[in-house]
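Shown next, in structure tokens, is the structure this report addresses.
The values are calculated or read from the model by the stated rules, or taken from the named source; none is laboratory data. None of the values given here were measured: they were computed from a predicted structure. Heads up, the Cβs are rebuilt from the backbone with ideal geometry, glycines too, and the neighbour counts pull from every protein chain shown.
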Amino acid sequence: MLKNKQMNRIFSILGMVAAIAIAYSVLVYLKKERDISSVQKGSTNVEMSEHGLMYDDLGDFIASHHTFYNETLGWGRDRFVSWSKQRKQAEIIIQSLGKISAENESLQKDLNAIAALAESVQSGSKEKDDLIRLHRFFHDLDIDYNEYKDTTDYFDVTEYKGEDELY
């Protein structure tokens, strides 16, 4: 009789531990899905400007994509790539670059390199290095073009270095 009570107590404790573990796992999963959903909604819902462009200017284009790549690839998130989201973002980049250009030759070369990387991703390539390179282009351009100051990291992948030329 005493042995049965001890076994019941052990099984009850194990059941509670299992229930807590399952509840915790569900909460973590739901939070992760909500965070991913908010990143997608916040970064890819780009409204058209009055000129038919997705961005008001090149600075907005650079900053918006830098934010997207920070949210989807930065700080270790590149281990969990959502290729469908990345292809959609690459498509937005390609469409935008069809309407955006730069008078600065170095900056235009960087935009052409971004377009080539985006086309690779959009066509179905699953080269994570292409995504990381896109992120680095937008990161460095945000620093050089928009004077982004939230980091000291610099990857030196761009030809444009923030010259005092007209854009």
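Remarks
- Cβ pairs under 9 Å, 6+ apart, first in the range 90-102 and assigned to a helix (DSSP H, G or I) and buried (at least 18 other Cβ atoms within 10 Å of the Cβ), second at pLDDT below 90 and hydroxyl-bearing (Ser, Thr, Tyr): ILE92/THR44; SER96/TYR55
- Of the residues making up the range 105-116, just one is crowded, with 19+ Cβ neighbours inside 10 Å and either without any contact (Cβ under 8 Å) to a residue 24 or more places away in the chain or not in a helix (DSSP H, G or I) (or both), namely LEU111.
- Condition met for ILE100 (at pLDDT 90 or above and within 13 Å of LEU58 (Cβ to Cβ)): no
- Options LEU141, LEU131; residue that is under 17 Å from PHE68 (Cα atoms), in contact with a Leu (Cβ under 7 Å, 6 or more places away or on another chain) and surrounded by 20 or more Cβ atoms within 10 Å (Cβ to Cβ): LEU131
- Residues located in the range 35-67, provided they are modelled with pLDDT of 90 or more and touching a His at 6+ places or on another chain (Cβ under 9 Å): HIS65, HIS66
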